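Following: one structure in structure tokens, then a few remarks.
The values are calculated or read from the model by the stated rules, or taken from the named source; none is laboratory data. Predicted model, so just to flag it, every value in this text is computed and none were measured. Methodologically, a virtual Cβ is constructed for each residue, glycine included, from the backbone with ideal geometry; neighbour enumeration extends over all protein chains shown. Accessible surface areas use protein heavy atoms only, side chains included; no ligands, DNA or RNA. Shrake-Rupley method; radii C 1.70, N 1.55, O 1.52, S 1.80 Å.
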Amino acid sequence: MAAWLDDVNAWLRNYPKEARYLVGVSGGVDSRVLLQVLIDAGFTDLVICHLDHGLRSDSAQDAEFVRRLAKRLGLPLFTDRVTEWPLRLSVETAARQIRQRFFARAAKEFGSTSVFLGHHADDQVETFLLNMLRGAGSIGQAAIRRQNRMTLDGVELTLLRPLLRVWKNDIREFARKRRLRFLEDTTNQENNFTRNRLRNLLMPEIERILGRPFKPSLLRLSEIAAEESEVLQQLVPPIWKSAELRTDDLRKLALALQRRVIHQWLSERQIPDIGFDEVERVRAMLMHREIAKVNLPSDHWCRRRAGKLFVEGAKDR
């Protein structure tokens with residue numbers, strides 16, 4: 001047995017095998033291997049969830065492949081197709097929001113709030129580097145978590161990523177040895193999207209300049225950052241859960257905690273693409289009385305009034 005499979009199975013022992021879980025299955029090699037690993041580990045009450053983003057002309061073939069896979073495995077299937085995309089959002093951000101709401105609907109229908117996802121080590125490295133280059137709120141917030149919780153549309157989802165420490169090459173090797181059928185997403189080789197350009201152009205160039213692989217080091221850094229972030233999180237007061245933030249309460253906190261509270265508060269208000277700049281614009285209202293309103297992504301803004309900060313959006317008017 002491969003060492004990575006030992007690690008994955010050890011991590012999966014934390015979760016009861018008799019419980020019901022949703023599994024995101026695109027039809028690609030990552031989610032197909034994830035599904036097989038879960039079945040091999042003894043998880044029997046699985047619900048296959050497939051979302052057709054409609055971004056490719058052959059996406060209907062993916063949906064049909066997953067439908068047949070679910071039927072062959074005797075597992076229930078929850079599917080949907082995107083017909084309308086949110087305005088003023090990047091494709092990546094919009095797709096993430098749509099997927100999250102898709103899983104929230106599946107959770108309501110099947111009575112399970114735990115979702116297995118097929119993110120792997122290459123995804124972690126790419127996301128970590130991309131978020132840092134874009135200006136993440138902190139280095140810890142740039143990393144993907146192996147487990148994290150989020151509340152959406154009244155549903156608290158637990159997102160589980162067993163393969164987050166497994167490299168893509170190992171996943172492909174597992175699929176080859178087990179003779180698993182899967183579909184290739186040809187758009188991964190195209191450089192129309194920022195993530196693809198980073199994967200196909202920037203990262204190979206960095207390795208060429210360094211003269212050695214750097215992804216293992218970046219993966220280790222992302223894990224260290226996430227672990228240290230967890231320690232710091234224990235110091236964050238729960239005031240971010242409030243609809244409004246009292247400026248006096250924020251001013252009493254250390255700078256790092258101010259930023260964390262603001263970041264989590266904006267996330268709780270479902271403001272997309274929150275980075276360092278957005279957090280600092282809000283924090284500026286604590287120190288400069290002349291700043292009483294700052295703009296935020298997706299037609300939202302933050303105001304200060306009567307010693308409190310609150311978020312508004314165009315749809316609130």
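Listed values, structure above:
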{"read-out": "Subset of region 266-289 [among the aromatic types (Phe, Trp, Tyr) and at pLDDT below 85]", "value": "none"}
{"read-out": "Unmet criterion (only one of (1) of a type outside the set (Val, Ile, Thr); (2) touching a strand residue (DSSP E or B) at 6+ places or on another chain (Cβ under 7 Å); (3) open to solvent by less than 50 Å² (accessible area, probe 1.4 Å)) for residue 250", "value": "(2)"}
{"read-out": "Lone unmet requirement of (1) at pLDDT below 95; (2) more than 22 Å from residue 150 (Cα to Cα); (3) open to solvent by 60 Å² or more (accessible area, probe 1.4 Å) for residue 292", "value": "(3)"}
{"read-out": "Pairs, first touching a residue at least 24 places away in the same chain (Cβ under 8 Å) and part of a helix (DSSP H, G or I) in region 1-21, second surrounded by 13 or more Cβ atoms within 10 Å (Cβ to Cβ) and charged (D, E, K, R), C-beta under 7 Å, six or more apart", "value": "4/165; 4/170; 7/165"}
{"read-out": "Top-ranked residue of region 244-261 - restricted to ones that are of a type in the set (Asp, Glu) and assigned to a helix (DSSP H, G or I), ranked as nearest to residue 307 (Cα to Cα)", "value": "248"}
{"read-out": "Every pair of residues 6+ apart whose Cβ atoms lie under 7 Å, when the first sits in region 221-243 and is under 21 Å from residue 255 (Cβ atoms) and assigned to a helix (DSSP H, G or I) while the second is hydroxyl-bearing (Ser, Thr, Tyr) and open to solvent by less than 50 Å² (accessible area, probe 1.4 Å)", "value": "229/138"}
{"read-out": "Subset of region 70-96 that is out of contact with any strand residue (DSSP E or B) (no Cβ under 7 Å at 6 or more places or on another chain) and crowded, with 17+ Cβ neighbours inside 10 Å - its residue that is farthest from residue 151 (Cα to Cα)", "value": "89"}
{"read-out": "Test set (1) open to solvent by less than 80 Å² (accessible area, probe 1.4 Å); (2) in a helix (DSSP H, G or I) - residue 163 fails condition number", "value": "(2)"}
{"read-out": "Selection count, region 104-116, where residues are closer than 24 Å to residue 171 by Cα and either open to solvent by less than 20 Å² (accessible area, probe 1.4 Å) or among the charged types (D, E, K, R) (or both)", "value": "2"}
{"read-out": "Members of region 274-296 that are touching a Lys or Arg at 6+ places or on another chain (Cβ under 8 Å) and part of a loop (DSSP other than H, G, I, E, B)", "value": "275, 291, 292"}
{"read-out": "Residues (part of a helix (DSSP H, G or I) and crowded, with 22+ Cβ neighbours inside 10 Å) located in region 28-68", "value": "29, 30, 31, 32, 33, 34, 35, 37, 66"}
{"read-out": "Subset of region 22-36 (residues that are polar (S, T, N, Q) and either more than 14 Å from residue 121 (Cα to Cα) or free of Cβ contacts under 8 Å to residues at least 12 places away in the same chain (or both))", "value": "26, 36"}
{"read-out": "Qualifying residue in region 183-191 (condition: part of a loop (DSSP other than H, G, I, E, B) and either small (Gly, Ala, Ser) or touching a Phe, Trp or Tyr at 6+ places or on another chain (Cβ under 7 Å) (or both))", "value": "yes"}
